[in-house]
Amino acid sequence: MIHRTRPGTTARRRTAAALAVLSSCALTVGATSTASAAAGERHGGPRTDYVALGDSYTSGPLIPDQVDANCARSDHNYPSITAHERAVASFRDVSCGGATTAEMWQAQGTNGPQLDAVGRDTDLVTVQIGGNDVGFGSIISTCAGLSATDLTGDPCRRYYGSGGYDQLTLRILQTAPKVARVLRAVHARAPHARVVVVGYPDLLPDDGSGCYPTVPFAAKDFPYLRDTGKRLNVMLRAVALLNRADYVDTYGPTVGHDMCKAPADRWIEPLRPTAPAAPAHPNAKGEEAMARALAGTLGRHARHH
């Protein structure tokens, strides 16, 4: 996982103040915005040039049909669904599995820097990034491994708190200025674009219950990891607010469809998927749910100026 950061003293100060809540929060946030009325409706609306940026939660690995092997990108991910439903004039999906904020500026295999897809004519940009900067993949494998040492306790929480502070909360705080930098870069390249930050869906039961061995975490680590996911979304919402972007809550709409649910009810696949999707990632239903959440925001609010 790669890191990157940068500027703006005032913005940095405001971001730090807004994000201070993360040290104690474990809350679910809804989609918010300050504007009203939408652009780019499906029938007869203005022209929409749409660019999608993001990581594997955006790209939709293993979901049919895969259209880019390098980035594990599906033509049934939420950006593709959104582009089709809104009948956009042009659409570029440059999301890529494994992307961090660094890949906004640097190539990832055959995928060029994602920000290169954004130009002055772009008028809608969705951004879903930050999970790999925090270390989603390594956190899951670490916590799964630690469960064998104490199945009824919280070995994962104790591991990440062994230094006297929660390392995952710190990682989220450290990721905030990186996401803010991405949003500033999008605004600079597409000054008239509406920019929308898409949050991450609900991976684990919202009530804190567990489902070992379907998801191999220790019993008391389920609420800890649930709260970590919520903190990440709180950070993304705050950074969006401070950087003239809308925020789409995909957590709320996916509650009750997490990795622990029965195959027919889950929209996030467990570590051994039963539907076409990567482990701990949305399946086709999950991508559809995120597309609906995004449509709700695009349909309710106008772009920021």
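Could you say which residue among Gly256, Gly229, Gly286 is touching a helix residue (DSSP H, G or I) at 6+ places or on another chain (Cβ under 7 Å) and within 19 Å of Leu204 (Cα to Cα)?
Details: Gly256 fails: touching a helix residue (DSSP H, G or I) at 6+ places or on another chain (Cβ under 7 Å); Gly229 fails: touching a helix residue (DSSP H, G or I) at 6+ places or on another chain (Cβ under 7 Å).
So the residue among Gly256, Gly229, Gly286 that is touching a helix residue (DSSP H, G or I) at 6+ places or on another chain (Cβ under 7 Å) and within 19 Å of Leu204 (Cα to Cα) is Gly286.
Could you please give the count of residues in the range 200-216 that are touching a residue at least 60 places away in the same chain (Cβ under 8 Å), among the hydroxyl-bearing types (Ser, Thr, Tyr) and surrounded by fewer than 19 Cβ atoms within 10 Å (Cβ to Cβ)?
Total satisfying the criteria: 1.
Restricting to the range 70-94, and then to whatever is under 19 Å from Pro276 (Cβ atoms) and of a type in the set (Asp, Glu), can you tell me which residue is surrounded by the most Cβ atoms within 10 Å (Cβ to Cβ)? Break it down into steps so the answer makes sense when it comes.
Quick first cut of the range 70-94, residues under 19 Å from Pro276 (Cβ atoms) only: 70-81, 93.
Narrowing further to those that are of a type in the set (Asp, Glu): 75, 93.
Details: Asp75: 17, Asp93: 28.
Once the filter is applied, the top-ranked residue is Asp93.
List the pairs whose first member sits in the range 188-199 and is surrounded by 23 or more Cβ atoms within 10 Å (Cβ to Cβ) and at pLDDT below 95, whose second member is hydrophobic (A, V, I, L, M, F, W, C) and assigned to a loop (DSSP other than H, G, I, E, B), and whose Cβ atoms are under 7 Å apart, counting only residues at least 6 apart or on separate chains?
none
Return yes or no: is Thr5 modelled with pLDDT of 95 or more, under 23 Å from Gly137 (Cβ atoms) and either crowded, with 20+ Cβ neighbours inside 10 Å or among the hydroxyl-bearing types (Ser, Thr, Tyr) (or both)? Working first, answer last.
Details: modelled with pLDDT of 95 or more: no; under 23 Å from Gly137 (Cβ atoms): yes; either crowded, with 20+ Cβ neighbours inside 10 Å or among the hydroxyl-bearing types (Ser, Thr, Tyr) (or both): yes.
It is false that Thr5 is modelled with pLDDT of 95 or more, under 23 Å from Gly137 (Cβ atoms) and either crowded, with 20+ Cβ neighbours inside 10 Å or among the hydroxyl-bearing types (Ser, Thr, Tyr) (or both).
Hey, among Leu242, Leu225, which residue is farther than 19 Å from Asn132 by Cβ and within 20 Å of the chain's Cα centre (by Cα)? Break it down stepwise before answering.
Details: Leu225 fails: farther than 19 Å from Asn132 by Cβ.
One residue alone meets the criteria, Leu242.
Filter the range 56-93 down to the residues that are farther than 13 Å from Glu287 by Cα, of a type outside the set (Gly, Ala, Ser) and touching a residue at least 60 places away in the same chain (Cβ under 8 Å) and list them by number.
Of everything in the range 56-93, those that are farther than 13 Å from Glu287 by Cα, of a type outside the set (Gly, Ala, Ser) and touching a residue at least 60 places away in the same chain (Cβ under 8 Å) turn out to be Glu85, Arg86.
Tell me, please, whether a residue that is aliphatic (A, V, I, L, M), under 22 Å from Ile139 (Cα atoms), touching a Cys at 6+ places or on another chain (Cβ under 9 Å) and in a loop (DSSP other than H, G, I, E, B) can be found in the range 245-262.
Narrowing the range 245-262 to residues aliphatic (A, V, I, L, M): 245, 248, 255, 259, 262.
With the extra rule that they be under 22 Å from Ile139 (Cα atoms), the set shrinks to 255, 259.
So of that shortlist, the ones also touching a Cys at 6+ places or on another chain (Cβ under 9 Å) come out as 259.
With the extra rule that they be in a loop (DSSP other than H, G, I, E, B), the set shrinks to 259.
Yes.
Residue-wise test of (1) in contact with a Pro (Cβ under 7 Å, 6 or more places away or on another chain); (2) in contact (Cβ under 8 Å) with a residue 40 or more places away in the chain; (3) surrounded by 15 or more Cβ atoms within 10 Å (Cβ to Cβ).
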residue: Leu124; (1), (2), (3): no, yes, yes
residue: Gln128; (1), (2), (3): no, yes, yes
residue: Asn132; (1), (2), (3): no, yes, yes
residue: Phe136; (1), (2), (3): no, yes, yes
residue: Gly145; (1), (2), (3): no, no, no
residue: Thr152; (1), (2), (3): no, yes, no
residue: Pro155; (1), (2), (3): no, yes, yes
residue: Tyr159; (1), (2), (3): no, no, yes
residue: Tyr165; (1), (2), (3): no, no, no
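Out of the residues in the range 167-187 that are touching a strand residue (DSSP E or B) at 6+ places or on another chain (Cβ under 9 Å) and among the aliphatic types (A, V, I, L, M), state the one that is surrounded by the most Cβ atoms within 10 Å (Cβ to Cβ). Write out each step before concluding.
Taking the range 167-187 as the starting set, the residues that turn out to be touching a strand residue (DSSP E or B) at 6+ places or on another chain (Cβ under 9 Å) are 179, 182-183, 186-187.
Add one more test, that the residue is among the aliphatic types (A, V, I, L, M), and what stays is 179, 182-183, 186.
On the way: Val179: 24, Val182: 27, Leu183: 20, Val186: 24.
Ranking the candidates gives Val182 first.
What do you reckon, is Ala219 crowded, with 24+ Cβ neighbours inside 10 Å and more than 15 Å from Ala280 (Cα to Cα)? Don't jump to the end; show me each part of the working.
Details: crowded, with 24+ Cβ neighbours inside 10 Å: no; more than 15 Å from Ala280 (Cα to Cα): yes.
Spelling it out, it is not the case that Ala219 is crowded, with 24+ Cβ neighbours inside 10 Å and more than 15 Å from Ala280 (Cα to Cα).
Would you confirm whether or not the range 283-293 contains a residue that is buried (at least 22 other Cβ atoms within 10 Å of the Cβ) and either at positive phi or assigned to a loop (DSSP other than H, G, I, E, B) (or both)?
Yes, because at least one residue in the range 283-293 is buried (at least 22 other Cβ atoms within 10 Å of the Cβ) and either at positive phi or assigned to a loop (DSSP other than H, G, I, E, B) (or both).
The values are calculated or read from the model by the stated rules, or taken from the named source; none is laboratory data. Fair warning: this is a prediction, and the values are worked out from it, not measured in the lab. For neighbour counting, all protein chains shown are included, and Cβ atoms are generated from backbone atoms with ideal geometry for every residue, glycine included.
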